[in-house]
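J.: Got a structure here, written out as structure tokens. Questions coming.
The values are calculated or read from the model by the stated rules, or taken from the named source; none is laboratory data. No experiment lies behind these values; they were computed from the predicted model shown. Neighbour counts are summed over all protein chains in view; Cβ atoms, including those assigned to glycine, are modelled from backbone coordinates with ideal geometry. Heads up: the accessible areas ignore ligands, DNA and RNA and are worked out on the full protein's heavy atoms, side chains in. Shrake-Rupley method; radii C 1.70, N 1.55, O 1.52, S 1.80 Å.
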Amino acid sequence: MVEAKMGACWSITKDQFENLEKHTQWGIEVVEKYNKFVKERSEIEISYAKQIRNLSKKYQPKKNSEDEYKYTSCRAFLTTLNEMNDYAGQHEVIAENLSLQIISELSRYTQELKQERKSHFNDGRKAQQHIENSWKQLEQSKRRFERDCKEAERAQQYFERMDADINVTKADVEKRCSHKARQQAQLRHQMAADSKAEYSSFFQSFNQEQNEHYYTLIPHIFQKIQEMEERRIERLGESMKTFAEVDRQVIPIVGKCLDGMTKAAESIEPKSDSQLVIEAYKSGFEPPGDVEFEDYSQPMTRTVSESSLSNSRGDSKPEKSSSKSKVKLWPFKKNKLSLKLITLNTQVWSLIEGSGPEDFSHLPPEQRRKKLQQKIDDFNKDIQKEMDQRDALTKMKDVYIKNPQMGDPNSVDPRLAEIGQNIEKLQFESQKFEGWLAEVEGRLPVKSEPPRQQSALYETQNSTPVNNNCAQDRESSPDGSYTEEQSSESQIKVPTTDFDDEFDDEEPLPTIGNCKALYPFDGHNEGTLSVTEGETLYVIEEDKGDGWTRVRRNEDEEGYVPSSYLEVFLDKNGKGAMTYI
């Protein structure tokens, strides 16, 4: 009836204690086996992510191949490499989540499960041992009662036999049995009665304990073991569900990585790449004219047309036209060896840095124009950088003049002079390359072109003539050079520009980050701003090497604060965007 009340409880398996012990041990081994499987899966994910990262790193562009990535196909490949790197990161996330959410948790749970199982089976063994001891005591009392009963019966029979023997005189009976036999029989009867009482007591006790053992203790222990096993199975199912969820969580990000690869592939523009190739390698040479017919049937002085590729004899030179200026010749020759020499000569000039002429005259006109323009742009960037440093030093000098305790104003003069010389040299080099560029483009720089910013130290500098002595006549030769008309010397004046006050007529600068004041600063001098410790301000101009940072409190309050007084947080996303801390 108790079993019916407990339903399908394992308590019905009273005699299957050893089988349950084996089954629960097998259940723990299943959990450990699954945990080992997840651990190996995590190691595979880590190894796979590492290999993907190494693969992406292996094919990243090298410094000497950065020019290739101006093409859309190469940029798409670079985007694919970056997305693969992010893709590898998601597999690392999978490995990390598997380790934290399954491996660690199951390892801890397995230890707890082992302890709980051990406790339950120890309780079962104790109960079994107790009932077995009670059974032994019952058996012992039973055998003792049986033995005492037999001894009492034998003593009674002996006494009766002696009492009924006719050959024994009355004196002998009284002497031999009346005392000893009677006492012995009575003693045995008393011992039998005591054994019976003891046996009866153990009998009742054992039946009660046996009933409690099989209907209370063992069902309770088996019920706990059953609950433990069900929790184990449920926990294993939850771990399997987590195993799938870990992958499902990274699917959206993996999808974004794949979408990025697809978008990169769709961004490839074949015509744009073809146009870049055209722009990169077009020479600018004019095609040759028609070859004139030379009639060898008439005795006459044979001349070669100005536009012909070569004369009839390889050892004679073409005659120069006196009526026309030298023309640009087509760079390709009939001789295949000459063509190879032209190609090799161009590659050598291009690959060996600094080996070519300074004016790039070894290059075709269009390529020469691009190189000259690039050099001019580089000079302009260097000039602007030097000007920024000069402006920063000028601000610092003004602050020192207004506030002498912060530094000596004369200490920045040597650096200002050095920067001025650097600007002058860079401007001279830029003008020289502009002259060569004008020569290539077939024009001279006009005065109406917008002037470039110059140093305030050189506002009154006179114009400097530049002699483009590198532009000379070049006759056609087998190495692929070309002829040009001799360019006249061009004079380029150095433009000058006046600088206004830094704070008067300039537009409000955008914020490039923010900062926190580490110490209080009293900005009594003009151009500085007083701040209190812990105050948060906007950064509108970072430190350019002069030790000052330009900040803004609101639309009407801005100025310079020592950089060492601030903790600056610049916005990495771009100028003009604000980063909130």
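J.: Quick one: count up the residues across region 229-245 that are of a type outside the set (Asp, Glu) and either under 14 Å from VAL30 (Cβ atoms) or in contact with a Lys or Arg (Cβ under 6 Å, 6 or more places away or on another chain) (or both).
T.: Our first condition is that a residue be of a type outside the set (Asp, Glu); within region 229-245, this holds for 231-233, 235-237, 239-244.
This time we only want the ones that are either under 14 Å from VAL30 (Cβ atoms) or in contact with a Lys or Arg (Cβ under 6 Å, 6 or more places away or on another chain) (or both), so: 231-233, 235-237, 239-240.
Residues flagged as of a type outside the set (Asp, Glu) and either under 14 Å from VAL30 (Cβ atoms) or in contact with a Lys or Arg (Cβ under 6 Å, 6 or more places away or on another chain) (or both) within region 229-245 amount to 8.
J.: Taking GLU542, is it under 31 Å from the mean Cα position of the chain (by Cα), modelled with pLDDT of 90 or more and over 20 Å from ASN403 (Cα atoms)?
T.: Details: under 31 Å from the mean Cα position of the chain (by Cα): yes; modelled with pLDDT of 90 or more: no; over 20 Å from ASN403 (Cα atoms): yes.
In short, no.
J.: Kindly evaluate ILE103 against the criterion of being more than 28 Å from SER239 (Cβ to Cβ), at pLDDT 85 or above and hydrophobic (A, V, I, L, M, F, W, C). Walk me through how you get there before you give the answer.
T.: Details: more than 28 Å from SER239 (Cβ to Cβ): no; at pLDDT 85 or above: yes; hydrophobic (A, V, I, L, M, F, W, C): yes.
Here the answer is no, as ILE103 does not meet what is asked.
J.: Would you mention how many residues in region 545-559 are part of a loop (DSSP other than H, G, I, E, B) and either of a type outside the set (Gly, Ala, Ser) or at pLDDT 90 or above (or both)? Quick ask: steps written out before the conclusion?
T.: Initial filter on region 545-559 (part of a loop (DSSP other than H, G, I, E, B)): 545-547, 553-557.
Narrowing further to those that are either of a type outside the set (Gly, Ala, Ser) or at pLDDT 90 or above (or both): 546, 553-557.
Total meeting the criteria: 6.
J.: Show the residue pairs that are 6+ apart or on different chains and have beta-carbon atoms under 7 Å apart, the first residue being within region 52-75 and farther than 20 Å from ALA265 by Cα, the second being part of a helix (DSSP H, G or I) and of a type outside the set (Ser, Thr, Tyr).
T.: ARG53/ASN85; ARG53/ALA88
J.: For TYR214, state whether it is aromatic (Phe, Trp, Tyr) and closer than 26 Å to GLU366 by Cα. I'd like the intermediate steps shown before the answer.
T.: On the way: aromatic (Phe, Trp, Tyr): yes; closer than 26 Å to GLU366 by Cα: no.
Here the answer is no, as TYR214 does not meet what is asked.
J.: For GLN405, indicate whether it is open to solvent by 90 Å² or more (accessible area, probe 1.4 Å), modelled with pLDDT under 85 and either in a helix (DSSP H, G or I) or of a type outside the set (Ser, Thr, Tyr) (or both).
T.: Values: open to solvent by 90 Å² or more (accessible area, probe 1.4 Å): yes; modelled with pLDDT under 85: yes; either in a helix (DSSP H, G or I) or of a type outside the set (Ser, Thr, Tyr) (or both): yes.
Yes.
J.: Cβ-Cβ under 8 Å, sequence separation 6+ or interchain: first residue in region 208-228 and on the phi < 0 side of the Ramachandran plot and modelled with pLDDT under 90, partner hydroxyl-bearing (Ser, Thr, Tyr) and outside any helix (DSSP H, G or I). Which pairs?
T.: PHE222/THR13
J.: Moving on. Scanning region 10-47 for residues that are polar (S, T, N, Q) and at pLDDT below 90, which turns out surrounded by the fewest Cβ atoms within 10 Å (Cβ to Cβ)?
T.: ASN19
J.: Anything in region 232-255 that is among the basic types (Lys, Arg) and free of Cβ contacts under 8 Å to residues at least 12 places away in the same chain? List them, or say none. Steps first, please.
T.: Step one: of region 232-255, the residues among the basic types (Lys, Arg) are 232, 235, 241, 248.
Across region 232-255, the qualifying residues are LYS241, ARG248.
J.: When both residues are 6+ apart or on different chains and their Cβ atoms are under 7 Å apart, which pairs have a first residue that lies in region 175-196 and is of a type outside the set (D, E, K, R), and a second that is modelled with pLDDT under 75 and buried (at least 18 other Cβ atoms within 10 Å of the Cβ)?
T.: Qualifying pairs under 7 Å: CYS177/PHE159; ALA181/PHE159; ALA185/PHE159.
J.: Shifting gears a bit: Can you go through SER141, SER195 and tell me which one is at pLDDT below 85, more than 30 Å from VAL38 (Cα to Cα), among the hydroxyl-bearing types (Ser, Thr, Tyr) and buried (at least 17 other Cβ atoms within 10 Å of the Cβ)?
T.: Numbers: SER141 fails: at pLDDT below 85.
SER195 is the lone residue from the list that is at pLDDT below 85, more than 30 Å from VAL38 (Cα to Cα), among the hydroxyl-bearing types (Ser, Thr, Tyr) and buried (at least 17 other Cβ atoms within 10 Å of the Cβ).
J.: I'm checking my understanding of the structure. Among residues of region 408-439 that are of a type in the set (Gly, Ala, Ser) and surrounded by 19 or more Cβ atoms within 10 Å (Cβ to Cβ), which one is farthest from PRO365 (Cα to Cα)? Spell out the reasoning first.
T.: Restricting attention to region 408-439, the residues satisfying the condition of being of a type in the set (Gly, Ala, Ser) are 411, 417, 420, 430, 435, 438.
Applying the additional criterion that residues be surrounded by 19 or more Cβ atoms within 10 Å (Cβ to Cβ) yields 430, 435, 438.
On the way: SER430: 19, GLY435: 14, ALA438: 12 Å.
Taking the candidates together, the pick is SER430.
J.: When the residues of region 287-307 are filtered to those that are in contact with a Lys or Arg (Cβ under 9 Å, 6 or more places away or on another chain), at pLDDT 70 or above and charged (D, E, K, R), which remaining residue is surrounded by the most Cβ atoms within 10 Å (Cβ to Cβ)?
T.: Start the filter on region 287-307 by keeping residues that are in contact with a Lys or Arg (Cβ under 9 Å, 6 or more places away or on another chain), which leaves 294-296, 306.
Remaining after also requiring at pLDDT 70 or above: 294-296.
Adding the requirement that they be charged (D, E, K, R) leaves 294-295.
Values: GLU294: 13, ASP295: 8.
By that ranking, first place goes to GLU294.
J.: GLU269 versus (1) under 30 Å from GLU146 (Cβ atoms); (2) open to solvent by 90 Å² or more (accessible area, probe 1.4 Å): which is the lone unmet condition?
T.: (1) is the only condition that GLU269 fails.
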